[in-house]
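Notes follow once the structure below has been shown.
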Amino acid sequence: MSYPLKFKGLLEKEINDVELFEGAWITWAVCACSENACGWEGWILESVYKIEENERVQLPAVTNQICPICGKNLFRTGAQVKVIPDENQGSSLKPGIDYEVSPIDYEQ
C-alpha cells in the first residue's frame, strides 16, 4: 500500500514528535441502548489530558461513544480506570521474535 507523500511527516512520527499526556480515563462501555443493539462490550477512551498551571487540559483523542461493530450508541458503565503513563516506555516488541516490518511507500 502506498501513502500520499504529503502525509509523510504525519506517518513517520515517533514518541518524541507528539505531545505526551499525563493521564487518561478509560471506561467499560456496552452496546445495549436499544433492542437491536449488538451487545458488544469493551474499553473506550474517555479523556486524555496533561496538566498546565494546575489545570487539566484535554488533548486530542478519539472519544466517540459509537459501537465499533454496529455503529449504535454505547452506554458508559460505572467501571472507569485512570491511566498514568509509566516512565519506562520501552518497546512492546519481544526480543527473539522475527517481526515483519514493511517499509512505508509513498506516492506523489
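The values are calculated or read from the model by the stated rules, or taken from the named source; none is laboratory data. Owing to the predicted nature of the structure, the values given are computational and were not obtained by experimental measurement. Counting neighbours? That spans all protein chains shown, and the Cβs are built from the backbone with ideal geometry, glycine included.
Couple of notes before you dig in:
- Pairs where the first residue, in the stretch 1-29, is within 25 Å of N64 (Cα to Cα) and at pLDDT 95 or above and the second is among the small types (G, A, S) and part of a strand (DSSP E or B), C-beta under 6 Å, 6+ apart: W25/S47; W28/A79
- Selection from the stretch 1-37 of residues that are more than 27 Å from R56 (Cβ to Cβ) and surrounded by 15 or more Cβ atoms within 10 Å (Cβ to Cβ): C31, A32, A37
- Residue in the stretch 44-56 that is in contact with a Phe, Trp or Tyr (Cβ under 6 Å, 6 or more places away or on another chain), of a type in the set (G, A, S) and surrounded by 13 or more Cβ atoms within 10 Å (Cβ to Cβ) present: yes
- Those strands (runs of 3 or more DSSP E) of the stretch 32-108 in which 1 or more residues are more than 29 Å from E12 (Cβ to Cβ) and out of contact with any Pro (no Cβ under 8 Å at 6 or more places or on another chain) occupy 41-52, 55-58, 75-83.
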